[in-house]
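Okay, structure first, notes after.
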Amino acid sequence: MKNTALSHIHEALGAKMVPFAGYNMPVQYEGVNIEHEIVRTGVGVFDVSHMGEFHLKGPNALALIQKIGTNDTSKIAVGQAQYSCMPNNDGGIVDDLIIYKITEEEYMLVVNASNIEKDWNWISQHNDLGVVMENNSDDYSLLAIQGPKAAEAMQSLTDIDVMNMTYYTFQIGKFAGVDNVIVSATGYTGSGGFEIYFKNDVAETIWTNVFKAGADFGIKPIGLAARDTLRLEMGYCLYGNDINDTTSPIEAGLGWITKFNKDFTNSEELKKQKENGTDRRLIAFELDERGVPRHDYDIVDDSGQKIGVVTSGTMSPSLGKGIGLGYVPSIFKTVGSKIYIQIRKKQIPATVIKLPFYKK
């Protein structure tokens, strides 16, 4: 089991630690609902240093990214980030990722922790363009400082104007006295804030200074359990649950990051799906009655026939009702459609809704 540079701090703070993607990670400190509310209303800090960071360098770096990714990365400028995914040859997804344009010839790709080796091998086997690739996953730490008070709480630590940073942009500068920190206006919670990337040897310094600067704003450490409820309220896909090697970007509702003005892996097949539709779709639903939908629960129709499966589900802390995502035949994708979730021996009625679940 790997530790992050901050695992010992989480343990000292009394966090409940769990194995996650090969790492010893904090799942909660004070409790999921409390931590969820802190991020929705104030500011909280996640250690997500288990994520992977690859650097691609050289004149053909963009060409390689265009070949393996669905989104059109030629559209972003230096200092911008972009959400994308890498399709496989069988209609599924290798991984979803965020792409950072560092310079005209250097990009950073941030990938899911559980897929670091798989993604590295996949990109490497497509790199016939002489692109210099560096896997820096073990060298970097990553904090997600999230919530509506994040910018105000962190401004004293940096000359970067974090109060006015626009969504999906980033700057590299001094943060908490440390040079060359990537400060990115991105996140996985839907409540605003930043993700900051830095070398492991300064992790403790940065953590300490972040909590000093945020003390007057009620800053708290937040575990992975609240990260999951926060992202689900926004309808953000989680790799391994809502998307995987067998789900296509079109089925998963990721057509908006799938651009057919270029060729990429399996693009012809995915273009047909976009034009002709797919047999199944990822839908969002709310329970009409009390209950908690969970990952892998069956979705059934009004006659009790199984039509799909819940990929992510929880009791929404913000809404006080059961919410979830799942794949169903496309005839059920229309907003307002009625489905049922099999919870033990009961079939709980649910309604298909338009994302996000949580509206500010």
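The values are calculated or read from the model by the stated rules, or taken from the named source; none is laboratory data. Quick caveat, the model's predicted, so the values are computed rather than measured. Cβ: placed from backbone, ideal geometry, glycine included. Neighbour counts: every protein chain shown.
Being under 11 Å from Phe194 (Cβ atoms) and in contact with a helix residue (DSSP H, G or I) (Cβ under 9 Å, 6 or more places away or on another chain) is the filter here; which residues of segment 164-176 pass it?
Those that are under 11 Å from Phe194 (Cβ atoms) and in contact with a helix residue (DSSP H, G or I) (Cβ under 9 Å, 6 or more places away or on another chain): Met165, Gln171, Phe175.
Matching residues to (1) surrounded by 14 or more Cβ atoms within 10 Å (Cβ to Cβ); (2) within 19 Å of the chain's Cα centre (by Cα); (3) outside any loop (DSSP other than H, G, I, E, B):
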{"residue": "Ser303", "(1), (2), (3)": "no, no, no"}
{"residue": "Val309", "(1), (2), (3)": "yes, no, yes"}
{"residue": "Gly324", "(1), (2), (3)": "yes, yes, yes"}
{"residue": "Val335", "(1), (2), (3)": "no, no, no"}
{"residue": "Phe357", "(1), (2), (3)": "yes, yes, no"}
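Output yes when any residue across segment 275-297 is surrounded by 22 or more Cβ atoms within 10 Å (Cβ to Cβ), in the same structural domain as Leu355 (by TED's automatic domain parsing) and aromatic (Phe, Trp, Tyr), and no when none is.
yes
Those residues that are in contact (Cβ under 8 Å) with a residue 60 or more places away in the chain and in contact with a Phe, Trp or Tyr (Cβ under 9 Å, 6 or more places away or on another chain), I need them from segment 268-291; list them, please.
Leu270, Ile283, Ala284, Glu286
Taking segment 61-92, which residues are in a loop (DSSP other than H, G, I, E, B), small (Gly, Ala, Ser) and touching a Ser or Thr at 6+ places or on another chain (Cβ under 7 Å)? Spell out the reasoning first.
Quick first cut of segment 61-92, residues in a loop (DSSP other than H, G, I, E, B) only: 69-72, 76-79, 88-92.
Going one step further and asking which of them are small (Gly, Ala, Ser), we end up with 69, 77, 79, 91-92.
Listed by number, the residues that qualify are Gly69, Gly79, Gly91, Gly92.
Of the residues that sit in segment 140-191 and are part of a loop (DSSP other than H, G, I, E, B) and polar (S, T, N, Q), which one is surrounded by the fewest Cβ atoms within 10 Å (Cβ to Cβ)? Quick ask: steps written out before the conclusion?
Quick first cut of segment 140-191, residues part of a loop (DSSP other than H, G, I, E, B) only: 147-149, 159-161, 165-168, 176-177, 185-191.
Checking which are polar (S, T, N, Q) leaves us with 166, 186, 189, 191.
Values: Thr166: 7, Thr186: 19, Thr189: 25, Ser191: 24.
Taking the candidates together, the pick is Thr166.
Just for segment 109-139: of the residues that are assigned to a loop (DSSP other than H, G, I, E, B) and of a type in the set (Gly, Ala, Ser), which one is nearest to Cys237 (Cα to Cα)?
Our first condition is that a residue be assigned to a loop (DSSP other than H, G, I, E, B); within segment 109-139, this holds for 112, 127-131, 136-139.
Going one step further and asking which of them are of a type in the set (Gly, Ala, Ser), we end up with 130, 137.
Numbers: Gly130: 32, Ser137: 22 Å.
Ranking the candidates gives Ser137 first.
Could you tell me which residue of segment 197-226 is surrounded by the most Cβ atoms within 10 Å (Cβ to Cβ), considering only residues that are part of a helix (DSSP H, G or I) and not hydrophobic (A, V, I, L, M, F, W, C)? Give the steps one after another, and end with the answer.
So in segment 197-226, the residues part of a helix (DSSP H, G or I) come out as 200-213, 215-217, 224-226.
Next cut, not hydrophobic (A, V, I, L, M, F, W, C) only: 200-201, 204-205, 208-209, 212, 216.
Values: Asn200: 14, Asp201: 11, Glu204: 14, Thr205: 13, Thr208: 12, Asn209: 18, Lys212: 13, Asp216: 11.
So the residue we want is Asn209.
As an exercise: evaluate Asp296 against (1) touching a residue at least 40 places away in the same chain (Cβ under 8 Å); (2) on the phi > 0 side of the Ramachandran plot and give the number of the one condition it does not meet.
(1)
Identify, from the list Ala215, Ala203, Ala225, Ala252, the residue that is out of contact with any Lys or Arg (no Cβ under 6 Å at 6 or more places or on another chain) and without any contact (Cβ under 8 Å) to a residue 40 or more places away in the chain.
On the way: Ala203 fails: without any contact (Cβ under 8 Å) to a residue 40 or more places away in the chain; Ala225 fails: without any contact (Cβ under 8 Å) to a residue 40 or more places away in the chain; Ala252 fails: without any contact (Cβ under 8 Å) to a residue 40 or more places away in the chain.
Criteria check complete, one pass: Ala215.
Exactly one of (1) without any contact (Cβ under 8 Å) to a residue 60 or more places away in the chain; (2) more than 20 Å from Pro356 (Cα to Cα); (3) under 16 Å from the mean Cα position of the chain (by Cα) is unmet by Arg231. Its number?
(2)
So that you can scan it fast, the table gives a plain yes or no per residue for (1) at pLDDT 95 or above; (2) polar (S, T, N, Q); (3) within 28 Å of Ile38 (Cα to Cα); (4) assigned by TED's automatic domain parsing to the domain that holds Asp95:
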site	(1), (2), (3), (4)
Ile172	yes, no, yes, no
Gly177	yes, no, yes, no
Ser184	yes, yes, yes, no
Gly192	yes, no, yes, no
Lys259	yes, no, no, no
Asp263	yes, no, no, no
Asn266	yes, yes, no, no
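One residue is enough: does segment 35-52 have a residue meeting the conditions assigned to a strand (DSSP E or B) and either at pLDDT below 95 or aromatic (Phe, Trp, Tyr) (or both)?
Filtering segment 35-52 for residues assigned to a strand (DSSP E or B) gives 44-47, 52.
Next, only the ones that are either at pLDDT below 95 or aromatic (Phe, Trp, Tyr) (or both) stay: 46.
The answer is yes, given that some residue of segment 35-52 is assigned to a strand (DSSP E or B) and either at pLDDT below 95 or aromatic (Phe, Trp, Tyr) (or both).
Name every residue in segment 16-34 that is in a loop (DSSP other than H, G, I, E, B) and under 20 Å from Pro317 (Cα atoms), in order of residue number. Give the derivation first.
Here is the first cut: in segment 16-34, the residues in a loop (DSSP other than H, G, I, E, B) are 21-22, 29-31.
Answer for segment 16-34, where residues must be in a loop (DSSP other than H, G, I, E, B) and under 20 Å from Pro317 (Cα atoms): Tyr29, Glu30, Gly31.
Please go through segment 126-139 and give me each residue that is within 20 Å of the chain's Cα centre (by Cα), surrounded by 13 or more Cβ atoms within 10 Å (Cβ to Cβ) and either modelled with pLDDT under 95 or not small (Gly, Ala, Ser) (or both), ordered by number.
Residues satisfying the conditions are Asn135, Asn136.
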